[in-house]
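Colleague: A single structure is presented below for examination.
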Amino acid sequence: MSDCIFCKIAKGEVPSELLLEKENLVAFRDLNPQAPTHILVIPKKHIVSLDQAEAEDRDLLGDLLLAVQEMAQRENLEMGYRVVLNIGTHGGQTVPHLHFHLLGGRSLQWPPG
Ligand code: DGP
């Protein structure tokens, strides 16, 4: 989508600290980190949120989760980490392009606010 900031990051039209690029996804550091490691893993395909994902996105969703795992291993998060998927207004989603947050490097509280 032409006016989507994450589409622009995925295409390299907006700079980011890009950590991983595959055929169908990219991973980059969050602009506003909430933990020592805060990485976003996004599909190149514009999907607004998990709510808009379809059966044809099954493989893509699996690839995104495996990319999160790969990034966690690269970041040496052996003590554990959290994967967050915010959906819609009540879910706290601010960027309407599906993205997994990978948070780690400190002990994280539960429940979230
Ligand atoms: P969410 O609230 O789940 O929609 O998370 C959106 C995240 O995206 C938030 O943690 C900040 C991050 N973010 C927003 N704009 C940019 C950007 O232009 N570059 C990067 N690297 N991160 C961004």
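Colleague: Which GluC sites (Glu not before Pro) does the stretch 45-97 hold that lie in a coil by DSSP with at most 14 other beta carbons within 10 Å? Each step should come with its number before you reach the end.
Modeller: Values: sites: E54, E56, E70, E75, E78; in loops: E54, E75, E78.
Taking the stretch 45-97 and a limit of 14 other Cβ atoms within 10 Å, the loop GluC sites (Glu not before Pro) found are E54, E78.
Colleague: Rounding to the nearest 20 debye, state how big the charge dipole of the chain is about its Cα centre with +1 on each Lys and Arg Cβ and -1 on each Asp and Glu Cβ. Walk me through the intermediate numbers first.
Modeller: Working: 10 positive and 15 negative charges, 61 e Å.
About 300 debye.
Colleague: Can I ask one more? Compute from the Cα atoms of the chain the Rg and the Dmax, the latter being the longest Cα-Cα distance, and quote both in angstrom.
Modeller: Spelled out, the Cα radius of gyration and Dmax of the chain are 13.5, 39 Å.
Colleague: Taking a point 7 angstrom from the Cα of D59 along the C-beta vector, which residues in the stretch 26-50 have backbone N less than 15 Å away?
Modeller: Residues passing the 15 Å test: 44-45.
Colleague: Let me ask another. Hey, what did the chain get for relative contact order, percent, Cα under 8 Å, at least 6 apart? Present the calculation step by step, with values, prior to reporting the outcome.
Modeller: Details: 161 pairs, mean separation 33.2, N = 113.
RCO, the chain: 29 percent.
Colleague: With the Cα gyration tensor of the stretch 1-40 in hand, give its eigenvalues times 5 under a square root as the equivalent ellipsoid semi-axes, listed largest first in whole angstrom.
Modeller: Details: eigenvalues 67, 30, 12 Å².
Taking √(5λ) for each eigenvalue gives 18, 12, 8 Å, largest first.
Colleague: Taking other Cβ within 10 Å of each residue's Cβ, how do M71, M1 sort, fewest first? Each step should come with its number before you reach the end.
Modeller: Numbers: M71 22, M1 13.
The most exposed by this proxy come first: M1, M71.
Colleague: Mind checking the angle between helix 58-74 and the chain's longest principal axis? C-alpha axes, 0 to 90 degrees, to the nearest 10.
Modeller: Taking the Cα atoms of the chain, the angle to 58-74 is about 40 degrees.
Colleague: Name the shape class, rounded, prolate or oblate, that the alpha-carbon gyration tensor gives for the stretch 61-109, where a ≥ b ≥ c are the square roots of its eigenvalues, rounded holds for a/c under 1.5, and otherwise prolate holds if a/b is larger than b/c and oblate otherwise. Each step should come with its number before you reach the end.
Modeller: On the way: a/c = 3.12, a/b = 1.47, b/c = 2.13.
Oblate is the answer for the stretch 61-109, as a/c is 1.5 or above yet b/c matches or exceeds a/b.
Read the figures in this text as sums done on the coordinates, not as results from a lab. Remember, it's a predicted structure, so these values are computed and weren't measured experimentally. Positions of Cβ are backbone-derived with ideal geometry, glycine not excepted, and every protein chain shown enters the neighbour counts.
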